[in-house]
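All of the numbers you see were taken from the coordinates with simple rules; none came from a lab. As the structure is a computational prediction, the values presented were derived from the model and not from experiment. Cβ atoms come from the backbone with ideal geometry, glycine included; neighbour counts cover every protein chain shown.
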Amino acid sequence: MLSKTMEKALNEQINAEFYSSYMYLSMSTWFDSAGLPGAGKWMQAQTQEELFHGMKLLGYLNERGGRVTLKAIKQPPVDWDSTLHVFQEVLTHEQKVTELINKLVTMALAEKDHASNIFLQWFVSEQVEEEANVSAVLNKLKLIGKDTTALFTLDETLGQRVFTPPPAAGK
Ligand code: FEO
């Protein structure tokens, strides 16, 4: 049986993941209107990934007999200064999410909630990957600087990203 504290914390994380999804959707539309559809597609894949994270948490909460309580999703930013600025914000955001996940793991350990600890390990690894993916794009953008041709080439590469749910989807 999940503790009420863990139930509340997991519900907050569901909200954080759905907010992430919404924020990346906002970034996606910003890129589309800025003439960078590849980056827009990259952000759409990110949107789907975050939705998957939220649903994965939701499934777990249900499975453990917890009560899912969906809360309002706050409005995401709608404007950024540049492509570099967007990706900097993504990295900052993912670092915050990593902190949230780490706090959940600390809570699971303190409560000796082994099932939640095991479940959350997937998210720990996922955050390492998420931060690495964003950092890789950010590093390229820093190298590109104001070179528009190089930016368009990167945009084409970013546009190849497709979200594929892991095999154990929903678990
Ligand atoms: Fe679900 Fe990007 O953290």
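For a test of understanding, tell me how many lysine pairs in the range 57-171 have Cα atoms under 29 Å apart, given they are 8 or more places apart or on different chains.
Lysine pairs meeting both conditions in the range 57-171 amount to 15.
How charged is the neighbourhood of residue 66? Take every other residue with its Cβ under 11 Å from the Cβ of residue 66, and add Lys/Arg as +1 and Asp/Glu as -1.
Overall, the nearby charge balance is +2.
Would you mind working out the magnitude of the charge dipole of the range 16-72 relative to its Cα centre, with +1 at each Lys and Arg C-beta and -1 at each Asp and Glu C-beta, to the nearest 20 Debye?
Here the size comes out at about 200 debye.
Over the range 9-81, what per residue volume does the convex hull of the Cα atoms give, in whole Å³?
It comes to 67 Å³ per residue, whole-number rounded.
Express in nm, to one decimal, how much length is gained between residue 147 and residue 106 on full extension, taking 0.36 nm for each residue of separation and deducting their alpha carbon distance.
Answer, rounded to one decimal: 10.3 nm.
Relative contact order for the chain using alpha-carbon pairs under 8 Å, separation at least 6, rounded to a whole percent?
With pairs under 8 Å counted, the relative contact order is 33 percent.
What is the P(r) of the range 96-139, as percent of Cα-Cα pairs per 10 Å bin from 0?
29, 45, 19, 7
Pick from 106, 83, 148 the residue whose mean-square fluctuation is largest in a GNM of the chain, springs joining Cα atoms under 10 Å.
148
How about the range 34-103: which trypsin sites (Lys or Arg not before Pro) there are in a DSSP loop, with at most 15 other Cβ atoms within 10 Å of their Cβ?
Listed in order of number, the matching sites are 67, 71, 74.
Assigning unit charges at the beta carbon (Lys, Arg +1; Asp, Glu -1) and nothing else, what dipole magnitude in debye, to the nearest 20, does the chain show about its Cα centre?
In debye, rounded to 20, the chain gives about 460.
Would you work out the charge dipole size for the range 82-171 about its Cα centre, treating the Cβ of every Lys and Arg as +1 and the Cβ of every Asp and Glu as -1, and quote it to the nearest 20 debye?
40
Name the residue from 108, 138, 152 whose Cα lies farthest towards the positive end of the charge dipole of the range 4-158, charges +1 on Cβ of Lys and Arg and -1 on Cβ of Asp and Glu.
Going by the charge dipole, the pick is 108.
Could you work out how far helix 148-158 tilts from the main Cα principal axis of the chain, as a 0 to 90 degree angle to the nearest 10?
For 148-158 against the chain, the angle is about 40 degrees.
If I build a Gaussian network model for the chain, linking alpha-carbon pairs within less than 10 angstrom, which residue out of 69, 149, 29 has the largest mean-square fluctuation?
Comparing 69, 149, 29 in a Gaussian network model of the chain, the most mobile one is 149.
Given a 10 angstrom Cα cut-off, can you work out which residue in 101, 118, 14 is the most mobile in a GNM of the chain?
118
Can you give me the P(r) profile for the range 102-171? Cα pairs, bins 10 angstrom wide beginning at 0, each as a whole percent.
Spelled out bin by bin, the range 102-171 gives 16, 32, 24, 18, 9, 1 percent.
Once the Cα gyration tensor of the range 4-158 is diagonalised, what are the square roots of 5 times its eigenvalues, in whole Å and ordered largest first, as equivalent ellipsoid semi-axes?
Values: eigenvalues 214, 50, 26 Å².
Equivalent ellipsoid semi-axes, largest first: 33, 16, 11 Å.
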